[in-house]
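A short write-up of the structure that comes next.
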Amino acid sequence: MKIRYISFLITIFAVFLAISCNNNEAGKTTENETETNQSVIEYTGEKLVITDKIMYDVQIVNDVIGDRSKNSPDWFWENLPTPESDDFIKSLLTDALSGKLKTYYYDMTGDYESFDEILPADLQSYMDEIMTYEFEVIDTTVKRYKPEKVEIQLTHKHVKKLRFLEEWFLADGVFHKRIIAVAPYFTIEYPGLEPINAVYFWVMINKDLK
């Protein structure tokens, strides 16, 4: 878990570093910065591929831990610490919803040989739709019951896990995980109902994918 957590933070740091560099003039990007970004995001040397893609979920909110900050000795057990976790998920959602980070449709049955980008013209309407979860609640304890429509606005607080798509390989005697894409995993809870889980979009980490 600790290796996966560190790998995740390193990759996210590389993404935001790349975004920051792109905002600067091209001539201000140093050779060292370019080499650092490429080495973290893509390994170009000889490697033994274990699998070119593996998808799995990582819990980042462990409700069993009373104190989720680093004040707790067990904060890292299937958990990102607060307030860093909240700040990161807020930033991830904000950048995805605004188009600052490229987003792609989530396909439950896809083979992920390629991704379908959510085009800028469609992004706002798509995000408005998925970030408002609607359902009906029926009170059957009364004789003449009427369904009640419930709307829940999804926020960073509903992201309890992250779904990863990765490549695993061995290189120079070291086991590597290359993150291809990451998706916020929403958990929607309502009194009296079973939790509802949903994944709506990918945020691309590897810029070289189709």
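Scan the range 1-13 and give yes if some residue there is exposed (fewer than 14 other Cβ atoms within 10 Å of the Cβ), touching an Asp or Glu at 6+ places or on another chain (Cβ under 8 Å) and at pLDDT below 50, otherwise no. The answer is yes; a qualifying residue exists. Scanning the range 189-210 for residues that are modelled with pLDDT of 90 or more and among the basic types (Lys, Arg) yields nothing. Among the residues of the range 148-155, is there at least one that is among the acidic types (Asp, Glu), over 17 Å from Val58 (Cα atoms) and in contact with a Ser or Thr (Cβ under 7 Å, 6 or more places away or on another chain)? Taking every residue of the range 148-155 in turn, at least one turns out to be among the acidic types (Asp, Glu), over 17 Å from Val58 (Cα atoms) and in contact with a Ser or Thr (Cβ under 7 Å, 6 or more places away or on another chain). Filtering the range 175-195 to residues that are assigned to a strand (DSSP E or B) and more than 20 Å from the chain's Cα centre (by Cα) leaves only Phe175. All told, Phe164 meets the bar of being under 20 Å from Val49 (Cα atoms), under 15 Å from the mean Cα position of the chain (by Cα) and of a type in the set (Phe, Trp, Tyr).
Looking at Glu78, Glu84, Glu117, just one residue is closer than 24 Å to Ile180 by Cβ, charged (D, E, K, R) and in contact (Cβ under 8 Å) with a residue 60 or more places away in the chain, and that residue is Glu78. On the stretch given as the range 49-69, residues that are in a loop (DSSP other than H, G, I, E, B), modelled with pLDDT of 95 or more and not β-branched (Val, Ile, Thr) total 4.
Looking only at residues of the range 86-101 that are surrounded by 15 or more Cβ atoms within 10 Å (Cβ to Cβ) and over 12 Å from the mean Cα position of the chain (by Cα), we find that the one that is farthest from His158 (Cα to Cα) is Leu97.
Tell me whether the range 79-100 contains one or more residues that are in a loop (DSSP other than H, G, I, E, B), on the phi > 0 side of the Ramachandran plot and modelled with pLDDT under 95. Yes, some residue in the range 79-100 is in a loop (DSSP other than H, G, I, E, B), on the phi > 0 side of the Ramachandran plot and modelled with pLDDT under 95. Can you confirm whether the range 138-155 contains a residue that is at pLDDT 90 or above, part of a helix (DSSP H, G or I) and under 21 Å from Met204 (Cβ atoms)? Taking every residue of the range 138-155 in turn, none turns out to be at pLDDT 90 or above, part of a helix (DSSP H, G or I) and under 21 Å from Met204 (Cβ atoms).
The values are calculated or read from the model by the stated rules, or taken from the named source; none is laboratory data. All values reported here derive from a predicted model rather than from experimental measurement. All Cβ positions, even for glycine, are placed from backbone atoms using ideal geometry, and neighbour counts span all protein chains on display.
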